[in-house]
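Just passing along the structure, written as C-alpha cells.
The values are calculated or read from the model by the stated rules, or taken from the named source; none is laboratory data. Model, not experiment: these values are computed from the prediction. No Cβ is skipped: glycine too gets one built from the backbone with ideal geometry, and neighbour counts run over all protein chains shown. Accessible surface areas use protein heavy atoms only, side chains included; no ligands, DNA or RNA. Shrake-Rupley method; radii C 1.70, N 1.55, O 1.52, S 1.80 Å.
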Amino acid sequence: LDFFNNRLETVEEIEGMTDNPILGKVFHNFRKINLIVAQRPNSSIAESFRSVRTNFQFFDHSGKKQVVLMTSSSSGDGKTFCAINFASTLALNGHKTVLLEFDLRRPKIHQDFGASNMIGISSYLIDKAVIDDIILPTEIENLDLISAGPAAPNPAELIASDRTTEFIETLKGMYDYIVIDSAPVGIVSETFLLMKHSDVNIFVVRLNYTIRDAFKNAI
C-alpha cells in the first residue's frame with residue numbers, strides 16, 4: 001500500500017521537497033460549513049487559522065498593503081476553504097480586507113456567503129461595471145467580497161488584460177489586504193497571470209489528498 005500511495009502524507013515530506021517555509025497547519029473540517037472562523041470562533045480549526053495569520057505577519061516586515069494569492073495543485077485541496085478563513089482572520093484582527101473570487105471557471109465562494117453572482121469581477125473586466133457595483137459587504141466586520149460574476153468564455157485573456165492591473169491597483173487604495181482565491185495552479189494558466197499582481201503566494205496542501213508529483217511540478 002505504501003508503494004502504490006502517490007499522495008503527500010506528512011509535513012516532513014513537504015519540507016523535503018521545497019525550501020519554501022511552512023506557514024502553518026490547519027485541522028480537518030468535519031463540519032458542513034466553510035465560514036469556520038466567523039461561525040465557530042472557539043473551535044480548534046479557527047485557532048489554527050489564527051496561528052497561520054500570526055506566522056504570516058511574522059514573515060511580513062514590509063508594513064505595506066499586501067496582495068495575497070491562494071492556490072493549490074488541483075481541485076479539492078481546500079484552497080477556497082483556506083482563502084475564506086484566512087481572509088476572515090485578517091478582517092477580525094482589524095484589517096480592512098477584501099476577498100476576490102478569481103476562480104472564474106468554477107466560482108464557489110459567493111454560495112458560502114449567500115451572495116449573488118449576477119455581477120462581479122468578470123463584469124468589471126469587460127467594462128460592464130464599476131468597482132462600487134461589485135463590492136459585497138459580508139456579515140464579518142472589515143471583510144468585503146467580490147464574486148467572480150457571470151461565466152466568461154475567455155478568463156485567461158480577461159486576467160491578462162490591463163483592466164486587471166487597474167482593478168488590483170484600485171483595491172490597494174481601499175483595503176489593507178487583498179486575498180485572491182485563484183484557480184488551481186496545476187490545472188489552468190490564469191493563476192500564473194495573477195501572480196504578477198501578488199506580494200505573497202500561499203500554496204495549500206491537503207495531507208492524504210494532494211498528489212505528490214502534482215505538488216512537485218507546481219512548486
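Using 27 Å as the Cα-Cα cut-off, could you pick out the over-long pairs in Lys64/Lys108; Lys32/Lys79; Lys96/Lys196; Lys128/Lys196; Lys65/Lys216?
Beyond 27 Å between Cα atoms: Lys64/Lys108; Lys65/Lys216.
How large is the helix-only mean residue ellipticity at 222 nm for the chain, computed as the sum of -39500 (n - 2.57) over DSSP H runs with n ≥ 4, divided by its residue count, in deg cm²/dmol to the nearest 500?
Mean residue ellipticity at 222 nm (helix-derived): -9500 deg cm²/dmol.
Can you list the residues, at least 5 places off or on another chain, whose amide H is less than 5 Å from the amide H of Arg7, using H built in the peptide plane?
Arg212
Could you tell me the largest-minus-smallest coordinate of the C-alpha atoms of the chain on each of the three principal axes, in descending order and whole angstroms?
53, 38, 36
If you don't mind, there's one more thing I want to ask. Within a Cβ distance under 13 Å of Asn154, other residues only, what is the Lys/Arg minus Asp/Glu net charge?
0
With a 1.4 Å probe and every protein chain kept in, tell me what percent of the accessible surface of region 59-145 is carbon plus sulfur.
Carbon with sulfur: 50 percent of the solvent-accessible area.
Could you sort the peptides 144-157, 195-208, 88-101 by per-residue average Cβ neighbour count (10 Å cutoff), highest mean leading?
Going by the mean number of other Cβ atoms within 10 Å, highest first, we get 88-101, 144-157, 195-208.
If amide H atoms are built 1.01 Å from N in the plane of the peptide, which residues on other chains or at least 5 residues away come under 5 Å of the amide H of Ile202?
Close amide H contacts, sequence-distant or interchain: Leu69, Met70, Thr71.
Calculate one ³J(HN,Hα) per residue across region 69-75 by plugging θ = phi - 60° into the Karplus curve 6.51 cos²θ - 1.76 cosθ + 1.60, and present them in order as whole Hz with x for glycine and proline.
Once θ is set to phi - 60°, the couplings for region 69-75 become 9, 10, 8, 7, 7, 7, 5 Hz.
On to the next question. Can you compute 3J(HN,Hα) from phi for each residue in region 122-131, using the Karplus curve 6.51 cos²θ - 1.76 cosθ + 1.60 with θ = phi - 60°, rounded to whole Hz and x for Gly and Pro?
4, 4, 5, 5, 9, 6, 9, 7, 9, 4
Summing Lys, Arg as +1 and Asp, Glu as -1, what charge do residues with Cβ under 12 Å from the Cβ of Thr71 carry, Thr71 excluded?
Surrounding charge for Thr71 is -3.
Let me ask something else. Suppose each label sits 7 Å from its Cα in the direction of the beta carbon; what would the Met174-Leu1 distance come out to in nanometres?
According to this spin-label approximation, the distance is 5.1 nm.
Something else: Give, as a single signed number, the net charge of other residues whose beta carbon lies under 13 Å from the beta carbon of Val37, with Lys and Arg counted +1 and Asp and Glu -1.
0
Radius of gyration and Dmax for region 1-125's Cα atoms, expressed in Å?
Over region 1-125's Cα set, Rg and Dmax evaluate to 16.2, 50 Å.
For region 147-219, how big is Rg over Rh, using alpha carbon atoms and the Kirkwood form of Rh?
1.00
So for the pair Asp112, Thr18, with labels modelled 7 Å out along Cα→Cβ, what separation do we get in nm?
1.9 nm
What is the distance, in nm, between label points placed 7 Å from the Cα along the Cα-to-Cβ direction at Asn217 and at Phe192?
Distance between the two pseudo-spin positions: 1.3 nm.
Convex hull volume of the Cα atoms in region 120-186, per residue, in Å³?
Normalising the Cα hull of region 120-186 by residue number yields 107 Å³.
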